[in-house]
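Visitor: Encoded as structure tokens, here's the structure I'll be asking about.
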Amino acid sequence: MPSGPAFRVRRVYESPEPADGRRILVDRLWPRGLSKERAEVDEWLKDVTPSKGLRTAYHSDELDFAGFRARYLAELAEPEHAAAVDRLLVLAGASPVTLLTAVKDPERSHVSVLVDHLRRQHDNSGESRGT
């Protein structure tokens with residue numbers, strides 16, 4: 001089974017580390033109380049985040065994590081999101097990438113779903129090229 005690119009996930013409030021490589025913010029909103037200078041974000045990809053409606057439904061407990069995951073994966077397949085996913089895959093092909101988020105529990109958020117999706121997309125593109 002091919003291994004996907006290595007995406008690190010870190011909270012944006014943590015100090016940057018040399019191993020971070022490209023630091024990409026993957027939240028829709030800018031993190032509270034954090035200056036752009038202190039964050040040291042290389043790129044802010046809002047188009048890879050869940051829609052406002054989906055975020056609201058999940059945070060108000062209208063959706064459990066499985067329901068959120070399914071709907072977010074469907075959103076990631078839409079053209080405006082797919083272009084941002086492609087951008088992340090290109091970046092990861094050139095250097096290490098750290099996905100930054102302000103959420104307190106990245107494993108139960110859009111970030112874990114995004115990382116799984118990125119790995120699957122990478123693996124599928126390799127299979128289609130015969131690698």
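The values are calculated or read from the model by the stated rules, or taken from the named source; none is laboratory data. Just so it is clear, the model here is predicted, and its values are computed rather than measured. Note: ideal-geometry Cβ built from the backbone for every residue, glycine included; neighbour counts use all protein chains shown. Just the protein is used for accessible areas: all its heavy atoms, side chains included, with ligands, DNA and RNA removed. Shrake-Rupley method; radii C 1.70, N 1.55, O 1.52, S 1.80 Å.
Visitor: Need pairs with beta-carbon distance below 9 Å; first residue in contact (Cβ under 8 Å) with a residue 60 or more places away in the chain and within the range 36-65, second in a loop (DSSP other than H, G, I, E, B) and surrounded by fewer than 17 Cβ atoms within 10 Å (Cβ to Cβ); sequence gap 6+ or separate chains.
Guide: Listed by first residue and then by second, the contacts come to A39/Y13; A39/P16; A39/W30; T49/R28; T49/L29; P50/R28.
Visitor: Another question about this same structure. Within the range 32-55, how many residues turn out to be in contact with a strand residue (DSSP E or B) (Cβ under 8 Å, 6 or more places away or on another chain) and either open to solvent by 50 Å² or more (accessible area, probe 1.4 Å) or not in a strand (DSSP E or B) (or both)?
Guide: 6
Visitor: Now a separate question. Being within 18 Å of L29 (Cβ to Cβ) and of a type in the set (D, E, K, R) is the requirement here; does D61 meet it?
Guide: In short, no.
Visitor: What residue, among those in the range 1-12 that are touching a Pro at 6+ places or on another chain (Cβ under 8 Å) and modelled with pLDDT of 95 or more, is least open to solvent (accessible area, probe 1.4 Å)?
Guide: For the range 1-12, the residue satisfying everything is V12.
Visitor: Hey, could you check the range 3-31 for residues that are part of a loop (DSSP other than H, G, I, E, B), out of contact with any Leu (no Cβ under 7 Å at 6 or more places or on another chain) and of a type in the set (G, A, S) and say which is nearest to H110 (Cα to Cα)?
Guide: A6
Visitor: Among what's in the range 92-105 and is crowded, with 18+ Cβ neighbours inside 10 Å and among the hydroxyl-bearing types (S, T, Y), pick the residue that is nearest to S35 (Cα to Cα).
Guide: Ranking the qualifying residues of the range 92-105, first place goes to T101.
Residue-wise test of (1) modelled with pLDDT of 95 or more; (2) of a type in the set (A, V, I, L, M); (3) open to solvent by less than 70 Å² (accessible area, probe 1.4 Å).
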{"position": "H59", "(1), (2), (3)": "no, no, no"}
{"position": "A70", "(1), (2), (3)": "yes, yes, yes"}
{"position": "A82", "(1), (2), (3)": "no, yes, yes"}
{"position": "R87", "(1), (2), (3)": "no, no, no"}
{"position": "V90", "(1), (2), (3)": "no, yes, no"}
{"position": "E107", "(1), (2), (3)": "no, no, no"}
{"position": "L114", "(1), (2), (3)": "yes, yes, yes"}
{"position": "R119", "(1), (2), (3)": "no, no, no"}
{"position": "H122", "(1), (2), (3)": "no, no, yes"}
